[in-house]
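> Input: one structure, supplied below.
The values are calculated or read from the model by the stated rules, or taken from the named source; none is laboratory data. The shown structure was predicted, so the numbers you read here are calculated from the model rather than taken from an experiment. Cβ placement follows ideal geometry from the backbone for every residue including glycine, while neighbour counts extend to all protein chains displayed. Ligands, DNA and RNA are excluded from the accessible area calculation, which covers all protein heavy atoms including side chains. Shrake-Rupley method; radii C 1.70, N 1.55, O 1.52, S 1.80 Å.
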Amino acid sequence: MPPRDPGARVQAVLDIPLHRFVGLELLDPADPTAGIWFPVGPSAQNQVQLLHGGVVTALLDVAAYLALLPHLTDAEHAVTHDQSVSLLRPVSAGRRVEVRGSVLRRGRAVAFLRAEATVDGVLVATGQVTKTVVPV
């Protein structure tokens, strides 16, 4: 059974202070599973004004979670227990990063996900995310 109010779960993700701080937005507010985007502004940059690897790592996880939401019931939540990220190329300040997640497999207790970050259609980072499905 899908969640009765998936919008509340999505809003809870958007309201996380770190996500607000970096300027995270939904690619399509009508379809949160479509992914997210954020600007490489000062809060997402490292000391040489490139996209900070930790920021993109965190947001790969967020996109993966949003992709998983329709596969969770009201009685379930999912927490990350493993993540592997490849940072493929640097991203300069002022660029827009789009991040899309997908569900590779949802089992009873574990979900395997993938997320990709792109800039102008060019792949800049990928992530494999494993989440444990837990009761709420």
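> Would you confirm whether any residue within the stretch 18-32 is in a helix (DSSP H, G or I) and in contact (Cβ under 8 Å) with a residue 60 or more places away in the chain?
no
> Here is a further query. Which pairs turn up if I take residues in the stretch 51-68 that are touching a residue at least 60 places away in the same chain (Cβ under 8 Å) and look for partners that are assigned to a helix (DSSP H, G or I) with beta carbon separation below 9 Å, at least 6 apart in sequence or on another chain?
Final answer for the pair search is L51/A44; V56/A44; Y65/V13; L68/T33.
> Let me ask something else about it. Can you work out which of the residues in the stretch 56-91 that are part of a helix (DSSP H, G or I) and open to solvent by 20 Å² or more (accessible area, probe 1.4 Å) is nearest to V13 (Cα to Cα)?
Y65
> Moving to a separate point now. I'm told G127 meets every condition in (1) buried (at least 20 other Cβ atoms within 10 Å of the Cβ); (2) within 22 Å of A8 (Cβ to Cβ) except one. Can you identify the failing condition by its number?
Result: G127 fails condition (2) only.
> For the stretch 67-86, how many residues meet the condition of being within 15 Å of G54 (Cα to Cα) and of a type in the set (A, V, I, L, M)?
Of the residues in that region, 1 qualify.
> Taking the stretch 40-55, which residues are closer than 18 Å to L14 by Cα and part of a loop (DSSP other than H, G, I, E, B)?
Once the filter is applied, which keeps residues that are closer than 18 Å to L14 by Cα and part of a loop (DSSP other than H, G, I, E, B), the stretch 40-55 yields V40, G41.
> Taking the condition of being within 16 Å of A58 (Cα to Cα) and either surrounded by fewer than 13 Cβ atoms within 10 Å (Cβ to Cβ) or among the charged types (D, E, K, R) (or both), how many residues in the stretch 97-123 meet it?
Residues that pass the stated criteria total 4.
> If the Cβ limit is 9 Å and pairs must be 6+ apart or interchain, which residue in the stretch 87-105 that is farther than 16 Å from G54 by Cβ and among the polar types (S, T, N, Q) pairs with which residue that is open to solvent by 50 Å² or more (accessible area, probe 1.4 Å) and part of a strand (DSSP E or B)?
So the pair list comes out as S92/L50; S102/R114; S102/E116.
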